[in-house]
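Notes for the one structure printed next.
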């Protein structure tokens, strides 16, 4: 089964949705319904805030308070509820201190990771980027941070530096974003299973489980 996930590194619901999908996959694997290594996950690019700067000038709380009014305190209240949902999935968010930054370079490195080693490299880098942003409040637009994360996940240091020094994979990022629009995705996360089923949003584990079981049933019927 092939699962494509359109997401952004600074999207809290993308991290929550990722965890919920992983829980559904783990449960199906534990029950024997899903064979080991039967699923390939590929992360696709999306930018919620393409105008965000590489050098941060605001925390997320400050930016939300500025954008919608009420100042930083209002911004913090906006994100408290999301942080609570994340905690229910075992995620520790520190969005009060997370920075508003651009994610283009992070997405370009995710494309490099896929090209270099497929899901085995891209998956760990996606997790590392999300954790760095939400758990550690790191600037995921900073080249030094990106190099450290990418090399730590097994990417070649020379290639990482080459990509960050130019515009390589920028076209692929824009192609992913355009494809999301073609599929009718007006936000992220957006999951596509075997190019047949689109699942918008960070759905409950039960919903992911039902869709996964439907795909598995159809696969079994096709091979019977």
Taking the condition assigned to a helix (DSSP H, G or I), in the same structural domain as residue 7 (by TED's automatic domain parsing) and under 14 Å from the mean Cα position of the chain (by Cα), does residue 112 pass? no
Of those in segment 85-108 that are without any contact (Cβ under 8 Å) to a residue 60 or more places away in the chain and assigned to a helix (DSSP H, G or I), the residue nearest to residue 6 (Cα to Cα) is 105
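Starting from residues that are part of a strand (DSSP E or B) and at pLDDT 95 or above, keep the ones in segment 175-197 and report whichever is surrounded by the most Cβ atoms within 10 Å (Cβ to Cβ). Please lay out each step first, then the result.
First, pick out the residues of segment 175-197 that are part of a strand (DSSP E or B): 190-193, 197.
After this cut, where a residue has to be at pLDDT 95 or above as well, the list is 190-193.
Values: 190: 22, 191: 25, 192: 20, 193: 21.
Only one residue tops the list, namely 191.
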Counting only residues in segment 40-82 that are assigned to a loop (DSSP other than H, G, I, E, B) and in contact with a strand residue (DSSP E or B) (Cβ under 6 Å, 6 or more places away or on another chain), the one nearest to residue 185 (Cα to Cα) is identified as 46
If you go through 172, 219, the only one that is assigned to a helix (DSSP H, G or I), in contact with a helix residue (DSSP H, G or I) (Cβ under 7 Å, 6 or more places away or on another chain) and either farther than 29 Å from residue 104 by Cβ or at pLDDT 95 or above (or both) is 172
On the basis of being within 15 Å of the chain's Cα centre (by Cα), in contact (Cβ under 8 Å) with a residue 12 or more places away in the chain, assigned to a loop (DSSP other than H, G, I, E, B) and buried (at least 17 other Cβ atoms within 10 Å of the Cβ), does residue 140 make the cut? yes
Exactly one of 120, 87 is at pLDDT 95 or above and either farther than 19 Å from residue 40 by Cα or not assigned by TED's automatic domain parsing to the domain that holds residue 8 (or both), and that one is 87
TODO: Tell me, yes or no, whether segment 58-81 has at least one residue that is exposed (fewer than 14 other Cβ atoms within 10 Å of the Cβ) and either in contact (Cβ under 8 Å) with a residue 60 or more places away in the chain or closer than 19 Å to residue 126 by Cα (or both).
DONE: no
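Evaluate the following for residue 207: is it assigned by TED's automatic domain parsing to the domain that holds residue 44, within 20 Å of residue 22 (Cβ to Cβ) and buried (at least 19 other Cβ atoms within 10 Å of the Cβ)?
On the way: assigned by TED's automatic domain parsing to the domain that holds residue 44: yes; within 20 Å of residue 22 (Cβ to Cβ): yes; buried (at least 19 other Cβ atoms within 10 Å of the Cβ): no.
Criteria not met by residue 207.
The values are calculated or read from the model by the stated rules, or taken from the named source; none is laboratory data. Fair warning: this is a prediction, and the values are worked out from it, not measured in the lab. We place every Cβ from the backbone using ideal geometry, glycine too, and count neighbours over all the protein chains shown.
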